[in-house]
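Novice: The structure under discussion is supplied below as structure tokens; questions concerning it will follow.
The values are calculated or read from the model by the stated rules, or taken from the named source; none is laboratory data. Remember, predicted model here, so these are calculated numbers, not experimental data. Cβ coordinates were reconstructed from backbone atoms using ideal geometry, including for glycine residues, and neighbour counts include every protein chain displayed.
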Amino acid sequence: MPVLIAVPHAGRCYPGHVLANFRDEDLCQLRLEDRYVDELGVAIAKAAGTGLLVAHAPRAMLDLNRAHDDVDWDMVHGAKPTTSGSSFASQTITSKRIGGTNRRARSGLGLVPRRLPGFGEIWQQRLARKELDARINHIHRPYHEYLAHELGRIRDEWGAALLLDLHSMPPLRQQPGQNRPAQIVLGDRFGASCHASLVSRAFSSLENSRIEAAHNRPYSGGYVLDRHASPSRGIHALQVEVCRATYLDERLCETTDQLAPLATTLAGLVRELGAATARLGEGSRLDEAAE
């Protein structure tokens, strides 16, 4: 089907020097990881029969939902980038730039996270510039190049492609008008990253499954959607935030037996969205033939 699931924030492959530099290894891993949402993604992809891209590099090393230049330079030891002459500065990014670049970096949640709310500084020592460049060139660049290639391949084959950018979120508070706190938040950059019919179908499917869902608040999507979504070119993208309490234990640390039935339910959602995306692709091909 014309759907690709991507999981950018569940990586758990920590090099020894990264672990040694944490101020609190266990806390930082637990707070920064989308804990085991990759296992949920694997179960969904197997049940739905769709493609899956999982990043194994942890978010602590590099946040793949940030632009390559969204860096807090106060945490980096070494020369800052110039307009030319470095692998960092010369990297070509075909993304739609948005205002407020480095706003998250200044708050400590840029390309490489620096601090956590309620905890403070994550690292004992600053990051070497050479190490930052290596992470960008060997993690960030290939991940996004592969993601763009796969979405383009799917779109060319089906006439349309849908990216489901899968994340997990801490439990939310119940909002006015909700029967209970949202278990899933769907983000489409307030309508910019996905055809409205796909979003409508997603909410109908979740409602039929009795899953409380919210739209764009508090998560509307980030750099992944800004860079890769292009509905006018037949490439659609939704960020899917799943409450960790739906598949993890009370400490939000280990998976429970609720993961399997949740994956089965979400696989049904993926199949519905795949069929709807295929119909969009057929429509675009008919339009092209008419022209």
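Novice: Among the residues of the stretch 79-100, is any at pLDDT 95 or above and either closer than 30 Å to Thr265 by Cα or assigned to a loop (DSSP other than H, G, I, E, B) (or both)?
Specialist: Our first condition is that a residue be at pLDDT 95 or above; within the stretch 79-100, this holds for none.
No: the stretch 79-100 contains no residue that is at pLDDT 95 or above and either closer than 30 Å to Thr265 by Cα or assigned to a loop (DSSP other than H, G, I, E, B) (or both).
Novice: So, one more: Given the options Pro8, Pro2, Pro15, name the one that is modelled with pLDDT of 95 or more and under 16 Å from the mean Cα position of the chain (by Cα).
Specialist: Going through Pro8, Pro2, Pro15 in turn, just one is modelled with pLDDT of 95 or more and under 16 Å from the mean Cα position of the chain (by Cα): Pro8.
Novice: Can you run down the residue pairs with Cβ atoms below 6 Å, 6 or more apart or on separate chains, where the first is in the stretch 68-82 and closer than 14 Å to Arg135 by Cβ and the partner is part of a helix (DSSP H, G or I) and basic (Lys, Arg)?
Specialist: Filtered contacts from the stretch 68-82: Val76/Arg129; Gly78/Arg129.
Novice: Can you find, within the stretch 116-172, the residue that is nearest to Asp188 (Cα to Cα) among those that are among the small types (Gly, Ala, Ser) and in a loop (DSSP other than H, G, I, E, B)?
Specialist: Here the residue is Ala160.
A quick yes/no check of all residues on (1) modelled with pLDDT of 95 or more; (2) among the polar types (S, T, N, Q); (3) within 18 Å of the chain's Cα centre (by Cα):
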position: Ala202; (1), (2), (3): yes, no, yes
position: Asn208; (1), (2), (3): yes, yes, no
position: Ile211; (1), (2), (3): yes, no, no
position: Leu259; (1), (2), (3): yes, no, no
position: Gly274; (1), (2), (3): yes, no, no
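Novice: Hey, another quick one. Looking at (1) among the acidic types (Asp, Glu); (2) crowded, with 16+ Cβ neighbours inside 10 Å; (3) within 26 Å of Thr264 (Cβ to Cβ), can you tell me which one Asp133 breaks?
Specialist: (3)
Novice: Hey, another quick one. I need the full set of residues from the stretch 258-280 which are over 16 Å from Val42 (Cβ atoms) and either touching a Lys or Arg at 6+ places or on another chain (Cβ under 8 Å) or not aliphatic (A, V, I, L, M) (or both), in order please.
Specialist: Listed by number, the residues that qualify are Gly268, Arg271, Glu272, Leu273, Gly274, Ala276, Thr277, Arg279.
Novice: Just to be sure before I move on: is Leu30 over 17 Å from Val112 (Cα atoms) and part of a helix (DSSP H, G or I) in the structure I sent?
Specialist: No.
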